[in-house]
Amino acid sequence: MMRRLFVYLVSAIIITGLAGCGSFLGTDCDMEITDDSLPAGTLGQAYSYQMGVYSGCKWFADDKDGTDFIRYRVKEGDLPPGLIMNELGLISGAPTTLGSFTFTITAWHLTRDYSADKEFTIIVTDRLDSPQLSK
């Protein structure tokens with residue numbers, strides 16, 4: 001009986017450590033921005049896109065869908081004029097200038113020491129059949 005209890009306790013500790021990502025086995029628990037590209041924009045037309053992040057860690061689901069503790073900002077470069085990004089990662093507005101705009105977005109967790117950067121480009125055209133953008 002004692003041996004079985006010991007096995008269960010050790011198993012529970014290991015499983016909790018793995019699920020907690022770093023809390024027991026010292027594993028890394030990186031966060032990443034999941035978006036591969038952002039949609040193109042059309043001059044003067046409404047634009048709206050919600051950024052996303054992923055982590056396989058248990059702590060990431062601390063609150064509701066796990067994103068309540070995530071914040072975003074433009075680290076380098078600029079969004080197209082007319083677009084803004086709020087701290088929750090929503091890019092919105094209506095582009096006012098044609099062109100290709102490259103920038104880096106940073107996402108970070110408010111209570112943990114995890115962050116992620118990723119470069120994106122938004123192309124603003126004057127037609128509705130705008131191409132999808134690359135990173």
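The values are calculated or read from the model by the stated rules, or taken from the named source; none is laboratory data. Given the structure is predicted, the values throughout are model-derived calculations rather than measurements. Cβ atoms come from the backbone with ideal geometry, glycine included; neighbour counts cover every protein chain shown.
Pairing residues of segment 76-103 that are on the phi < 0 side of the Ramachandran plot with residues that are among the charged types (D, E, K, R) and in a loop (DSSP other than H, G, I, E, B), at Cβ distances under 7 Å and at least 6 apart in sequence or on separate chains, gives LEU98/ASP126; PHE101/ASP78; PHE103/ASP78. Close Cβ contacts (under 7 Å, 6 or more residues apart or on different chains) running from residues in segment 107-118 that are in the same structural domain as MET85 (by TED's automatic domain parsing) and polar (S, T, N, Q) to residues that are part of a strand (DSSP E or B) and crowded, with 16+ Cβ neighbours inside 10 Å comprise SER115/ALA107; SER115/TRP108. Checked against the criterion of being outside any loop (DSSP other than H, G, I, E, B), surrounded by 13 or more Cβ atoms within 10 Å (Cβ to Cβ) and modelled with pLDDT under 95, segment 34-49 has no qualifying residue. Within segment 78-108, the set of residues being of a type in the set (D, E, K, R) and farther than 20 Å from SER37 by Cβ comprises GLU87 only. Evaluated against (1) farther than 17 Å from ILE33 by Cβ; (2) buried (at least 17 other Cβ atoms within 10 Å of the Cβ); (3) modelled with pLDDT of 95 or more, LYS118 falls short on exactly one condition, (1). Scanning segment 102-122 for residues that are closer than 15 Å to ILE84 by Cα and more than 11 Å from the chain's Cα centre (by Cα) yields a count of 6. Would you check if GLY66 is surrounded by 12 or more Cβ atoms within 10 Å (Cβ to Cβ), at pLDDT below 80, in contact with a helix residue (DSSP H, G or I) (Cβ under 9 Å, 6 or more places away or on another chain) and of a type outside the set (D, E, K, R)? Spelling it out, GLY66 is indeed surrounded by 12 or more Cβ atoms within 10 Å (Cβ to Cβ), at pLDDT below 80, in contact with a helix residue (DSSP H, G or I) (Cβ under 9 Å, 6 or more places away or on another chain) and of a type outside the set (D, E, K, R). The number of residues in segment 82-98 that are out of contact with any Pro (no Cβ under 7 Å at 6 or more places or on another chain) and surrounded by fewer than 18 Cβ atoms within 10 Å (Cβ to Cβ) comes to 9. Applying the condition of being modelled with pLDDT of 95 or more and out of contact with any strand residue (DSSP E or B) (no Cβ under 7 Å at 6 or more places or on another chain) to segment 76-115 and asking which residue is nearest to ARG127 (Cα to Cα) yields THR96.
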